[in-house]
Structures are given as C-alpha cells and as structure tokens.
Amino acid sequence: MTTTHISRTRFINANVIDTRHGQVLSEQQVRIQDGRIVAIGSGPLDGEDDQVIDLEGRYLMPGLVDSHVHVTAITPNFALLETLSPFYVGAKSSELLEAMLMRGFTSVRDAGGADHGLASAVEEDSLIGPRLLYAGRALSQTGGHGDMRGPGQQTFEGCFCCSGLGRVCDGVSEVRRAARDEIRKGATQLKIMASGGVSSPTDRIDSTQFSLEEIDAIVEEATAANIHTMAHAYTARAINRLIPRGVKTIEHGNLMDEESCRLFLEHDAYLTPTLATYDALAKEGVEAGMAPHLQQKVYDVLDAGAKALEMAQRHGVKMLYGSDLLGRMQCHQLNEFLLRKEVVPADDLIRAATCNAADAYGDRGDFGEVIPGARGDLIVLRDNPLDDISVLTQPEHQLLMIMKGGKIYKNAL
C-alpha cells in the first residue's frame, strides 16, 4: 500500500455532497492544505496548489464513519481471543483496518479492544486504516457482557492485559477506577456493557447490568474528561435507565420501546443500530467460529432490530452507522446501508455515516462534512449516493479516490 501526501491539493469540477442538508453542490472547488479543508467555492480559488485534480463532475463527499467496530475481534470466539498473543491479534487487525479504509471508512469508533498503540500506529501510517477512536476495554460487571468465563470456569487463564474486549469491575469505586484507567490510556470514549448480549456465555439478553450508582460513576468520569459514553443495551428497560443518566449513544437497541424514543429526543442521545452483525451471525456465525449455543441467542434480537429501526425513524431519533461485525464477517461492513435503506432515506443514512457521528462525539465541524476547517477525509464516487445509497456499497466500481488527512490512499481516477 502506497500513499500520496502533497501538502496543498485542489479539487475542481466537483459535485460536493452537503451531508448535513442532503443536497449536491455542483461545480465546486475544494482546497486541502496540511490535512484540512481550507476553502470551498463555486469559482476558482485564489492561490497556488501542489496538485489540481479534475473530478469531471464526479461526487466528492466526506469519508464514512463506522460508529461501532471491533478491530481486534479477529474471531467471534471472545474466550479464545483472550488467550491469543497481542502481537498476533495486532497483525491480523492490520488487515481488518486496511480493508475498512478501502471501503471508504476514514474514521471508526472501536467499541472495545483497540488501544493507544493501534491508534498511534494508524496515525503514523505504520498501519494503513481509518482514524481510530477507541474505548480501550469495555466496562463490564461480573457475569456481564464483557465477562467471557463460562459457568463452570473458576479461574481466568489469560490476563486482562491480553487481547480481550472488556474488563470486569464491580461497585462504584472499582468502576470509577476502571473508567479513570481507560481515560489515562487515552480512551476517546467509554463503553458500558449495560445489558446482556449475544456473545457472552452467562448473561441473558434481557438482563440489565450495573447499578444506577455504577453507571453514574462511569458517566461522571467521562464527563470530567470531556469525552462521551456509549452503552451496549438491547431492551427498553436497559435503555430507559441509561439515557437520562447522560449516556450519549445507545448501541444496538433492538428491543427498545416508544418511551425509549421519547428519551432519545429529550436528552439529545443517538441510537447505533447494528443490523449487519445479526444478519451475518445468523447466516455464517458458527462457520466463522462462534459457539453454536451463543449463535442461537442471535434469534432473540434478529427480527426486533428491523422493528426498532422503523420505530426510531418514525419518531425522528438521530442515528449513527454501526456494523459491529466480528472476525471474517467484517467483509460485510457496507451491508448496513442495504439493511436500512427500505426504512431510512438516503440522506438520513448518509448523515448517520458522516456528520451525525461528529455531532454525537462532540466533534461537530471536525469531520463528516466538506466545510472549511474539517479534516481532509474525503472520498470520490462515480455516481450520486443521494439518488441510490447502494453506490456506497460498491467500492470496487464506485469508489475512485480515498483521502484521509490530506493523504491519498486510493486513486483510480
């Protein structure tokens, strides 16, 4: 993989996708300097450039953002993952990261597993991939969605510095210490395992996890550090106790209710549906390495995800794009667009994968839009995704250029 970095680039004859307003700005010029967009306009931009790229009417838009990935989940068998060498997992993660960038994702939010080392390697171009926002270890109670010990297991054979996705903590002082430790290690958000889940061996999908006091302690530490919290939660009972406590994004949300929708709107929270992972797990989870008894838990939430999506869209809940795919199933990352498109219009889907993410993370204007001051994270498409969202799901044919931070990682113009 070779990259091209020229400090001052100008795109001309670009059809720019205004993600926030869901419209095309025709015949635009856009200048990138030192990794950021510095000017955009319909007429010639003053000044000299190191290179000028004529897009000839092709479509220029911000790079995509996946708000729920696990770049170190090289297998859906999380108990096995915890015993693997971190060096091996890091090497395999590099393949997953590069594939994500080549699909047009220039930023991803890791929901448990990635750390400062991986994020720094990507930042330095030692690894090729999207900019990596990471939660470090997701916080889990004993027997919660981040505890991968089976019911007969009395000891933990790995170590909590190995390649798992979560860390176990109980009680207000322990969760506070764990939250502070992840913040110390550079976490850009904290992840709370706040309900049961599919891939954990001893909990139930419909359980709530952590006491209200423990949740408050985690959110308080995140707020003190000026970062946001994301929470794994399926049921209305779990979701409706989280949002009023300041959790910014709810991950999955398959079994939410009308009251959940009201709370999302009241507290300016975001929903991250992850339909792609349930679709993939149902079709090939066991073949990809998931234990059959855990794969069966998928069917508790599979159909409900589509109903929750429809409910959220009808109520005007703001949503993010998330895939949550594991192991080899990460090749289906763009399938989320197709699974949502019958319910969610193209402009809303594009917002979910661009500017909504920046807003939710507290980074409005930093990425997700083609505006002055935003990162030079851009993709060029042959056709207009506002007319047909499936344009974004055909990177081999449609995705002609990928730029991240002003560097070009693919150029098929």
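Checking VAL198 against (1) at pLDDT 95 or above; (2) surrounded by 17 or more Cβ atoms within 10 Å (Cβ to Cβ): exactly one of these is not met. Which one?
(1)
Within segment 115-127, is there a residue that is under 25 Å from GLN295 (Cβ atoms), acidic (Asp, Glu) and without any contact (Cβ under 8 Å) to a residue 12 or more places away in the chain? Spell out how you get there, then give the answer.
Here is the first cut: in segment 115-127, the ones under 25 Å from GLN295 (Cβ atoms) are none.
No, segment 115-127 contains no residue that is under 25 Å from GLN295 (Cβ atoms), acidic (Asp, Glu) and without any contact (Cβ under 8 Å) to a residue 12 or more places away in the chain.
Sort out which residues of segment 209-258 are more than 20 Å from GLY136 (Cβ to Cβ), among the hydroxyl-bearing types (Ser, Thr, Tyr) and out of contact with any strand residue (DSSP E or B) (no Cβ under 6 Å at 6 or more places or on another chain), and write them in order of number.
Within segment 209-258, just SER211 meets the criteria.
Quick grid of which residues meet (1) at pLDDT below 95; (2) open to solvent by less than 30 Å² (accessible area, probe 1.4 Å):
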{"position": "MET1", "(1), (2)": "yes, no"}
{"position": "HIS5", "(1), (2)": "yes, no"}
{"position": "LEU25", "(1), (2)": "no, no"}
{"position": "GLN29", "(1), (2)": "no, yes"}
{"position": "ARG36", "(1), (2)": "no, no"}
{"position": "ILE53", "(1), (2)": "no, yes"}
{"position": "TYR59", "(1), (2)": "no, no"}
{"position": "PRO62", "(1), (2)": "no, yes"}
{"position": "ASP66", "(1), (2)": "no, yes"}
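Mind listing just one residue for me: the one in segment 250-272 that is assigned to a strand (DSSP E or B) and without any contact (Cβ under 8 Å) to a residue 60 or more places away in the chain and, of those, nearest to VAL317 (Cα to Cα)?
Step one: filter segment 250-272 for residues assigned to a strand (DSSP E or B), giving 250-255, 270-272.
From what's left, without any contact (Cβ under 8 Å) to a residue 60 or more places away in the chain: 250, 253-255, 271.
Values: ILE250: 11, GLY253: 12, ASN254: 14, LEU255: 15, LEU271: 7 Å.
Applying the filter and picking the extreme gives LEU271.
Which count do you get for residues in segment 335-361 that are out of contact with any strand residue (DSSP E or B) (no Cβ under 6 Å at 6 or more places or on another chain) and in a loop (DSSP other than H, G, I, E, B)?
Total satisfying the criteria: 5.
Go through the residues of segment 272-286 one by one and say whether even a single one is open to solvent by 10 Å² or more (accessible area, probe 1.4 Å), in contact with a strand residue (DSSP E or B) (Cβ under 6 Å, 6 or more places away or on another chain), among the aliphatic types (A, V, I, L, M) and closer than 19 Å to GLY196 by Cα.
No; the residues of segment 272-286 include none that is open to solvent by 10 Å² or more (accessible area, probe 1.4 Å), in contact with a strand residue (DSSP E or B) (Cβ under 6 Å, 6 or more places away or on another chain), among the aliphatic types (A, V, I, L, M) and closer than 19 Å to GLY196 by Cα.
Considering only residues that are within 29 Å of THR106 (Cβ to Cβ), part of a helix (DSSP H, G or I) and either free of Cβ contacts under 8 Å to residues at least 24 places away in the same chain or open to solvent by less than 10 Å² (accessible area, probe 1.4 Å) (or both), which ones fall in segment 289-329? Don't jump to the end; show me each part of the working.
Start the filter on segment 289-329 by keeping residues that are within 29 Å of THR106 (Cβ to Cβ), which leaves 289, 305-306, 308-309, 312-313, 316-329.
From what's left, part of a helix (DSSP H, G or I): 305-306, 308-309, 312-313, 327-329.
Listed by number, the residues that qualify are GLY305, ALA308, LEU309, ALA312, GLY327, MET329.
Would you say LEU255 is surrounded by fewer than 23 Cβ atoms within 10 Å (Cβ to Cβ), within 20 Å of GLN330 (Cα to Cα) and in contact with an Asp or Glu (Cβ under 9 Å, 6 or more places away or on another chain)?
Values: surrounded by fewer than 23 Cβ atoms within 10 Å (Cβ to Cβ): yes; within 20 Å of GLN330 (Cα to Cα): no; in contact with an Asp or Glu (Cβ under 9 Å, 6 or more places away or on another chain): yes.
It is false that LEU255 is surrounded by fewer than 23 Cβ atoms within 10 Å (Cβ to Cβ), within 20 Å of GLN330 (Cα to Cα) and in contact with an Asp or Glu (Cβ under 9 Å, 6 or more places away or on another chain).
Can you confirm whether segment 85-100 contains a residue that is buried (at least 21 other Cβ atoms within 10 Å of the Cβ), in contact (Cβ under 8 Å) with a residue 40 or more places away in the chain and closer than 24 Å to LYS404 by Cα?
yes
For residues that are more than 15 Å from the chain's Cα centre (by Cα) and in a helix (DSSP H, G or I), scanning just segment 99-137, find the one that is farthest from HIS228 (Cα to Cα).
MET102
Considering only residues that are charged (D, E, K, R) and free of Cβ contacts under 8 Å to residues at least 40 places away in the same chain, look in segment 360-413 and name the one that is least open to solvent (accessible area, probe 1.4 Å). Explain how you work it out, then say what you get.
Within segment 360-413, the subset charged (D, E, K, R) is 363-364, 366, 369, 375, 377, 382-383, 387-388, 396, 404, 407, 410.
So of that shortlist, the ones also free of Cβ contacts under 8 Å to residues at least 40 places away in the same chain come out as 363-364, 366, 396.
On the way: ASP363: 48, ARG364: 160, ASP366: 32, GLU396: 160 Å².
Looking at the filtered set, the residue picked out is ASP366.
For ALA79, all conditions in the list (1) touching a Pro at 6+ places or on another chain (Cβ under 8 Å); (2) under 27 Å from PRO385 (Cβ atoms) hold save one; what is the number of the exception?
Of (1) touching a Pro at 6+ places or on another chain (Cβ under 8 Å); (2) under 27 Å from PRO385 (Cβ atoms), only one is false for ALA79: (2).
What is the residue count in segment 94-113 for residues that are within 14 Å of HIS70 (Cα to Cα) and of a type in the set (Val, Ile, Thr)?
The qualifying residues number 1.
Here's the yes/no breakdown for (1) more than 25 Å from ARG58 (Cβ to Cβ); (2) basic (Lys, Arg):
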| position | (1), (2) |
| --- | --- |
| MET329 | yes, no |
| LEU339 | yes, no |
| ALA346 | no, no |
| ARG351 | no, yes |
| CYS355 | no, no |
| ALA360 | yes, no |
| ASP363 | yes, no |
| GLY368 | no, no |
| GLY373 | no, no |
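Could you check, for segment 78-95, whether at least one of its residues is charged (D, E, K, R), assigned to a helix (DSSP H, G or I) and in contact with a Ser or Thr (Cβ under 9 Å, 6 or more places away or on another chain)? Lay out the reasoning, then the answer.
Within segment 78-95, the first condition is being charged (D, E, K, R), and the residues that meet it are 82, 92, 95.
Those left that are additionally assigned to a helix (DSSP H, G or I): 92, 95.
If we keep only those that are in contact with a Ser or Thr (Cβ under 9 Å, 6 or more places away or on another chain) as well, we get 92.
Yes.
Which of the residues belonging to segment 140-149 are more than 21 Å from SER85 (Cα to Cα) and either at pLDDT 95 or above or in a loop (DSSP other than H, G, I, E, B) (or both)?
At the first step, the residues of segment 140-149 found to be more than 21 Å from SER85 (Cα to Cα) are 140-145.
Result: GLN141, THR142, GLY143, GLY144, HIS145.
The values are calculated or read from the model by the stated rules, or taken from the named source; none is laboratory data. Every value quoted in this text rests on a predicted model; they were computed, and no experiment measured them. Backbone-built Cβ (ideal geometry, glycine too); neighbour counts: all protein chains shown. These accessible areas exclude ligands, DNA and RNA; they are computed on the full protein's heavy atoms, side chains included. Shrake-Rupley method; radii C 1.70, N 1.55, O 1.52, S 1.80 Å.
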